[in-house]
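Heads up: the structure comes next, in structure tokens.
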Amino acid sequence: MQDLINDIADTMANAERRGKVADYIPELSYVDPKQFGISLATVDGKVYSAGCATTPFSIQSISKVFTLTIALGQMGDSLWSKVGREPSGDPFNSIVQLEHESGKPRNPFINAGAIAVVDAIMMGHEPKETLGEILNFVRYVADDDRICFDHAVAASEMAHRDRNASLAHFMKAFGRLDHDVDKVLGTYFHQCAIAMSCEQLAHAGLFLASDGINKPSGIRVVAPQRARRINSLMMMCGHYDASGEFAFRVGLPGKSGVGGGILAISPSHGSIAVWSPGLDSYGNSLLGTQALEMFVQRTGWSVFGHY
Ligand code: DON
């Protein structure tokens, strides 16, 4: 397995087309596009890494998997009155469906959906407490207290928040948000600005590969049914309007972020984190997707067949 992981890292290191680093959040545009990292954490406790696997990067929308897990833990199925669970087929920051669907976001992974989820988590807490809860959860599942917010990225998102502010105000106008828009956005931008390495991220995702149990510690994070449902949402919605393409090419539940990371889950096998900052036109890591495609072709670990 280590040979395969090395092979993938070598292939990606030499790739010519590397995509375009996100620049709508200026702080992300400073990241060197030549980097590539990969880490696989298996359900039997092994870790295989190559490339820049210990370099922290902005996890961005991958954080939405963790906030969804927290919200389901707090509210259970009543969360689904606030956010749907259908693919949107639209870009991650699109507003169009909100008007037709009375301000209820299609799913927890588009920006509007994640904003609704964080608004739900904030219930009964000060924003600072909510942030602490999100960070503690991520540190807990990754078993690593060094994980932090990148405050420069959060500030950059806040300074360029017009698009997300539009989504939030629009939802608020439909009575869909309970808290002050800027407080909700401040919390949302911080969750997106969590910095993690591929190794930390692969470890953090492992509970989704092992029926809800965080394998290294043996502690149950969620019930098996909840892990299965989160995986199915990742499969259907984790890559926005390219979710079908990702399922076609990779065939694993996956969640991307505009920082260039992707977390992919191979149930009963392991959790794979890849990172390369250059994005395709949908905002998903170009080389990260190629790396995962190569990984499933060589391991047969796609959920759709062993070839
Ligand atoms: O709100 C935003 O636009 C970013 N903080 C997150 C977007 C993102 O990661 C989309 N992913 N591919």
Restricting attention to region 188-203, and to residues there that are more than 12 Å from the ligand (Cβ to nearest atom) and in contact with a helix residue (DSSP H, G or I) (Cβ under 6 Å, 6 or more places away or on another chain), which single residue is most open to solvent (accessible area, probe 1.4 Å)?
H203
Could you tell me whether any residue of region 137-155 is under 25 Å from L206 (Cβ atoms), part of a helix (DSSP H, G or I) and open to solvent by 60 Å² or more (accessible area, probe 1.4 Å)?
yes
Here are the criteria: (1) part of a helix (DSSP H, G or I); (2) open to solvent by 20 Å² or more (accessible area, probe 1.4 Å). Tell me which single one D119 does not satisfy.
(2)
Those residues of region 1-54 which are among the basic types (K, R) and in a loop (DSSP other than H, G, I, E, B) amount to R17, R18, K34, K46
Give region 55-92 a look and list any residue that's within 14 Å of the ligand (Cβ to nearest atom), of a type in the set (S, T, N, Q) and either surrounded by fewer than 19 Cβ atoms within 10 Å (Cβ to Cβ) or under 17 Å from M234 (Cα atoms) (or both), or say none.
Q60, S61, S63, T67, S88
Single residue of I95, I110 found to be in contact with a Ser or Thr (Cβ under 7 Å, 6 or more places away or on another chain), closer than 19 Å to S61 by Cβ and open to solvent by less than 30 Å² (accessible area, probe 1.4 Å)
I110
For region 184-201, check the following and say yes or no: at least one residue is without any contact (Cβ under 8 Å) to a residue 12 or more places away in the chain and out of contact with any Asp or Glu (no Cβ under 9 Å at 6 or more places or on another chain).
no
State whether one or more residues within region 287-305 are more than 12 Å from the ligand (Cβ to nearest atom), aliphatic (A, V, I, L, M), open to solvent by 10 Å² or more (accessible area, probe 1.4 Å) and free of Cβ contacts under 8 Å to residues at least 60 places away in the same chain.
no
Within region 8-47, count every residue that is in contact with a Cys (Cβ under 9 Å, 6 or more places away or on another chain) and open to solvent by 30 Å² or more (accessible area, probe 1.4 Å).
1
Can you report the number of residues in region 163-175 which are open to solvent by 70 Å² or more (accessible area, probe 1.4 Å) and either away from the ligand (no atom under 11 Å from the Cβ) or touching an Asp or Glu at 6+ places or on another chain (Cβ under 7 Å) (or both)?
4
Would a scan of region 86-93 turn up a residue that is more than 15 Å from the chain's Cα centre (by Cα) and assigned to a helix (DSSP H, G or I)?
no
Subset of region 124-162, residues farther than 19 Å from I62 by Cα and either modelled with pLDDT of 95 or more or assigned by TED's automatic domain parsing to the domain that holds I213 (or both), comes to E129, A159, H160, D162
Based on this model, can you work out whether I38 counts as more than 16 Å from the ligand (Cβ to nearest atom), at negative phi and more than 21 Å from the chain's Cα centre (by Cα)?
no
If you check every pair at least six apart or on different chains, which have Cβ atoms under 9 Å apart with a residue in region 78-100 that is over 18 Å from I121 (Cβ atoms) and not assigned by TED's automatic domain parsing to the domain that holds Y240 first and a residue that is of a type in the set (A, V, I, L, M) and open to solvent by 50 Å² or more (accessible area, probe 1.4 Å) second?
E86/M236; P87/M236; D90/V96
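The values are calculated or read from the model by the stated rules, or taken from the named source; none is laboratory data. Computed from a predicted model, the values in this text were never measured in an experiment. Heads up, the Cβs are rebuilt from the backbone with ideal geometry, glycines too, and the neighbour counts pull from every protein chain shown. Accessible surface is based on the protein model in full, side chains and every heavy atom, while ligands, DNA and RNA are left aside. Shrake-Rupley method; radii C 1.70, N 1.55, O 1.52, S 1.80 Å.
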